[in-house]
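This is the structure I have questions about; it appears just below.
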Amino acid sequence: GQQVMQIPQYQHVQEGEDFTTYCNSSTTLSNIQWYKQRPGGHPVFLIQLVKSGEVKKQKRLTFQFGEAKKNSSLHITATQTTDVGTYFCAGPRSNYQLIWGAGTKLIIKP
Amino acid sequence: EAQVTQNPRYLITVTGKKLTVTCSQNMNHEYMSWYRQDPGLGLRQIYYSMNVEVTDKGDVPEGYKVSRKEKRNFPLILESPSPNQTSLYFCASRGIQGSYNSPLHFGNGTRLTVT
């Protein structure tokens with residue numbers, strides 16, 4: 001069945017280092033969404049990518065959607081403590097269902 | 001303020017004792033959904049509703065019931081909870097206008113422990 005693989009499961013970084021998480025879908029996606037969940041919180045929508053090869057930026061966050069619309073990435077430049085949390089990608093499986101990656105947890109080393 | 005409200009935030013219960021987790025949204029969203037979140041498994045959909053009186057199973061519906069009698073409310077019912085239903089539960093909603101899935105708005109979560 002359709003799958004969305006997200007890697008890595010965890011990433012430990014020093015504050016100021018970069019962070020990247022990758023999502024790979026077994027099927028072509030019409031769009032992909034990214035969410036952030038802070039520790040103890042709920043997922044919060046960050047962005048949606050729709051076009052092949054699309055790149056969008058939100059301050060230090062850069063989101064990319066692959067040319068084949070089967071993969072996507074989120075890159076954070078110069079991480080800060082406020083970036084801590086788990087980042088999820090999600091793509092549509094139908095008009096009413098999303099298929100979710102398992103998430104990448106960003107941990108800032110003390 | 002636009003929001004999805006879940007209650008309770010924390011719930012400890014015993015095996016077999018029926019419980020209901022409530023969810024309400026004030027954004028006039030047609031679509032509502034329940035997810036459970038377990039370590040390493042991400043978010044798994046339990047049930048969803050496209051509109052009033054229209055519901056469908058998600059990926060892990062066993063042991064759960066839902067109802068959608070009003071647009072704003074979408075309660076999750078566990079008729080006979082078991083320890084494997086210990087989890088973090090999220091309710092979410094979104095509008096269904098447009099060609100693509102619009103963003104989901106999540107409630108604050110309900111942490112359920114079944115002993």
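Read the figures in this text as sums done on the coordinates, not as results from a lab. All of these numbers come straight from a predicted model, not from anything done at the bench. A quick note on method: Cβ atoms are made from the backbone with ideal geometry, for glycine too, and the neighbour counts reach across all protein chains shown.
Residue check, B:PRO61 against (1) within 12 Å of another protein chain (Cβ to nearest Cβ); (2) more than 23 Å from A:ARG38 (Cα to Cα); (3) in contact with a Phe, Trp or Tyr (Cβ under 7 Å, 6 or more places away or on another chain), all met but one. Which one?
(1)
For region A:8-32, enumerate the residues that are within 26 Å of A:ILE108 (Cβ to Cβ), within 14 Å of chain B (Cβ to nearest Cβ) and in a loop (DSSP other than H, G, I, E, B).
Matches in region A:8-32: A:PRO8, A:GLN9.
Of all residues in region A:33-53 being assigned to a loop (DSSP other than H, G, I, E, B) and within 10 Å of chain B (Cβ to nearest Cβ), which is surrounded by the most Cβ atoms within 10 Å (Cβ to Cβ)? Step through it out loud before you land on a result.
Step one: list which residues in region A:33-53 are assigned to a loop (DSSP other than H, G, I, E, B), which gives A:38-42, A:50-53.
Keeping just the survivors that are within 10 Å of chain B (Cβ to nearest Cβ) gives A:40-42, A:50.
Numbers: A:GLY40: 10, A:GLY41: 13, A:HIS42: 20, A:VAL50: 15.
Checked region A:33-53; the qualifying residue surrounded by the most Cβ atoms within 10 Å (Cβ to Cβ) is A:HIS42.
Within region A:70-110, can you find the residues that are closer than 21 Å to B:GLN37 by Cβ and touching a helix residue (DSSP H, G or I) at 6+ places or on another chain (Cβ under 9 Å)?
The answer is A:LEU106, and nothing else.
Out of A:LEU74, A:LEU29, I need the residue that is touching a residue at least 60 places away in the same chain (Cβ under 8 Å) and of a type in the set (A, V, I, L, M). Which one?
Residue meeting the stated conditions: A:LEU29.
While we're looking at this one, here's another question. Residues of region B:78-95 being surrounded by 16 or more Cβ atoms within 10 Å (Cβ to Cβ) and farther than 17 Å from B:PHE106 by Cβ, which ones?
B:LEU78, B:PRO81, B:GLN85, B:THR86 - these are the residues of region B:78-95 that are surrounded by 16 or more Cβ atoms within 10 Å (Cβ to Cβ) and farther than 17 Å from B:PHE106 by Cβ.
Scanning region A:1-49 for residues that are hydrophobic (A, V, I, L, M, F, W, C) and touching a Pro at 6+ places or on another chain (Cβ under 8 Å), which turns out farthest from B:TYR35 (Cα to Cα)?
A:LEU29
Do we find a residue being within 12 Å of chain A (Cβ to nearest Cβ), out of contact with any strand residue (DSSP E or B) (no Cβ under 8 Å at 6 or more places or on another chain) and closer than 25 Å to A:GLN37 by Cβ anywhere in region B:10-32?
The answer is no, given that none of the residues of region B:10-32 is within 12 Å of chain A (Cβ to nearest Cβ), out of contact with any strand residue (DSSP E or B) (no Cβ under 8 Å at 6 or more places or on another chain) and closer than 25 Å to A:GLN37 by Cβ.
Cβ-Cβ under 6 Å, sequence separation 6+ or interchain: first residue in region B:35-52 and within 10 Å of another protein chain (Cβ to nearest Cβ) and closer than 14 Å to A:GLN97 by Cα, partner of a type in the set (Val, Ile, Thr) and not in a strand (DSSP E or B). Which pairs?
Going by the 6 Å Cβ cut-off, the qualifying pairs are B:ARG44/B:VAL60.
Could you check A:GLY103 against (1) buried (at least 21 other Cβ atoms within 10 Å of the Cβ); (2) closer than 26 Å to B:GLN45 by Cα; (3) more than 10 Å from chain B (Cβ to nearest Cβ) and say which number it fails?
Result: A:GLY103 passes all but (3).
Inside region A:62-98, can you point out the residues that are charged (D, E, K, R) and in contact with a Gly (Cβ under 6 Å, 6 or more places away or on another chain)?
If the condition is that a residue be charged (D, E, K, R) and in contact with a Gly (Cβ under 6 Å, 6 or more places away or on another chain), then A:GLU67 is the only one that fits.
Checking A:LYS56 against (1) closer than 19 Å to B:TYR35 by Cβ; (2) without any contact (Cβ under 8 Å) to a residue 24 or more places away in the chain; (3) of a type outside the set (A, V, I, L, M, F, W, C), only one condition comes out false. Which one?
Of (1) closer than 19 Å to B:TYR35 by Cβ; (2) without any contact (Cβ under 8 Å) to a residue 24 or more places away in the chain; (3) of a type outside the set (A, V, I, L, M, F, W, C), only one is false for A:LYS56: (1).
Follow-up question, since we're still on this one. With respect to B:THR110, determine if the residue is crowded, with 16+ Cβ neighbours inside 10 Å, under 29 Å from A:GLN9 (Cβ atoms) and among the β-branched types (Val, Ile, Thr).
yes
OK, next. Pairs, please: C-beta under 7 Å, at least 6 apart or cross-chain, first residue under 19 Å from A:VAL50 (Cβ atoms) and at the interface with chain A (Cβ under 8 Å from one of its Cβ atoms) and in region B:100-115, second in a loop (DSSP other than H, G, I, E, B) and not β-branched (Val, Ile, Thr)?
B:TYR100/A:SER30; B:TYR100/A:ASN31; B:ASN101/A:ASN31
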